Each structure stands twice: as structure tokens, then as C-alpha cells.
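Report on the following structure.
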Amino acid sequence: MEWWNDLISWLTSNAARPTVFAAIVLFVAVLAAGLLAAWIAGTAIRRIVGQRDREAKAAAIAALVDAATEASVWNSLTPQEQVLADRMVGQADIQVRLLPVRGSDVAANWAAHQLHELKRSSATFGYQLDPAVVEFRDRLLEWERHPARTRKQFQDDLVRWRTQRQEPEQAAVEAQDAWVAEQHHARYRGTATIEPAPRGNETPTDTAPTPTLDDARA
């Protein structure tokens, strides 16, 4: 205990005050530098994560708008092109649902409904769906800028569509969609294939025998 008493006596002495003050200042400076470095690193990480989230959201919205353009001319696409367009829509839907944004699943459901309506309208209105595609794009861009407010609007649209849906009319609409799809596939199924052209004139030709010397003497 003698060394402890000596240490306490030295710390409380006038000669130790400059050393104790310097140690306290050094400790506070190191602590402040550590906290500042942690704050800067956290801010940089949050900025990088936010930038990646914005890029992912922009890519998902661009894919959905591209899919809406394809859906507006759905009835003029070949079955192979429709399969590729559906795959692109599925990938964009997954990207939207995986976004770290509140209400991304509501936006995905709203976009899926609108794309389905664009496909149905393409069989009736053909290429006259530019205003619908522009509205689809603007609503998604508004969701990108104001996700909370636009989420409420998407939710209201989904509820309104659900209440307006009636089972007898819905069955007739589904039957009409099935008939349109069947007619579309039948049109491309009946396309004739081109047979390969024959290689040259393969018909054998009769050649006269060459007269020999014995025939000439006869």
C-alpha cells in the first residue's frame, strides 16, 4: 500500500499538475479523434449504401418502364418475344420487391396490375397506348422521389380496383383474354416454313453415245 500512497501523494502535489493535465488533454484528443473518424466512416458508408440503393431503384424503374413499352404492343409480339418480355418483367418485379424501401411490395403489385392492363389493351387499341405508358412512367418516378406519399396512392388504387372487380365480369374478361391469346398463338403457329432450294439441276440428262471407229467402218 506504500506505493499507492506515494502515487496519490504525487498526483495531488503541485509538481504533478502539468503532467496530469497533459495526460488528460491527450486522452480527450485521442477520444475525439476516434469519434470523429467513426462518424466520417459511418457517413461515407451510408452515402455509398444510399447511392447503391438509388441505382438499384433507378434500374428497377427503368426495367418496368421498358416492360410497359413492350406490354403496350403485346399483341404484335411473337410468342418468343412475349416469353422474353415476361422474363424481364419477372426480374424487374423481384428487383422492386427487394428494394430497401418501405412499400416496395405495394409498388410492385401496382406495377403488375398496370402491366396486365396494358397487355389487355394492346389487343384493342394497338399502338395508341403512349399516354398510358407515359402515365405509368411518371407514377413510378413520383414513387422514386416520394415513396411514402406515393405508396398511399398505390394502396388506394389497389383497393379501388379490388372493389370494382366483380366475379361474373371478371370471368368474362378472363375468357376474352384466353381467346385473344389463343388467336395470337394460332396466327404465329400457322406460319409456313421455307423449304431449302434444290442445289442445281439434279435431273439426269441423256447423253448420246460417242461414235466409235468400228461404227464408222460399218
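Tabulated results
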quantity: Selection of chymotrypsin sites (Phe, Trp or Tyr not before Pro), segment 1-64, meeting DSSP coil and at most 12 other Cβ within 10 Å; calculated: none
quantity: Average accessible area per residue (Å²) across segment 1-121 - probe 1.4 Å, nucleic acids and ligands excluded; calculated: 66 Å²
quantity: Solvent-accessible surface (1.4 angstrom probe) belonging to residue 70, in square angstrom, nearest 10; calculated: 60 Å²
quantity: Heavy-atom accessible surface of segment 32-93: percent carbon and sulfur, 1.4 Å; calculated: 65 percent
quantity: Length released on extending from residue 44 to residue 20, taking residue separation times 0.36 nm less the Cα-Cα span; calculated: 5.0 nm
quantity: More than 16 Å apart - percent of Cα-Cα pairs taken over segment 1-91; calculated: 75 percent
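The values are calculated or read from the model by the stated rules, or taken from the named source; none is laboratory data. Keep in mind that what you see is a predicted model, and the values were worked out from it rather than measured. All Cβ positions, glycine included, derive from the backbone under ideal geometry; neighbour counts span all protein chains shown. Ligands, DNA and RNA are excluded from the accessible area calculation, which covers all protein heavy atoms including side chains. Shrake-Rupley method; radii C 1.70, N 1.55, O 1.52, S 1.80 Å.
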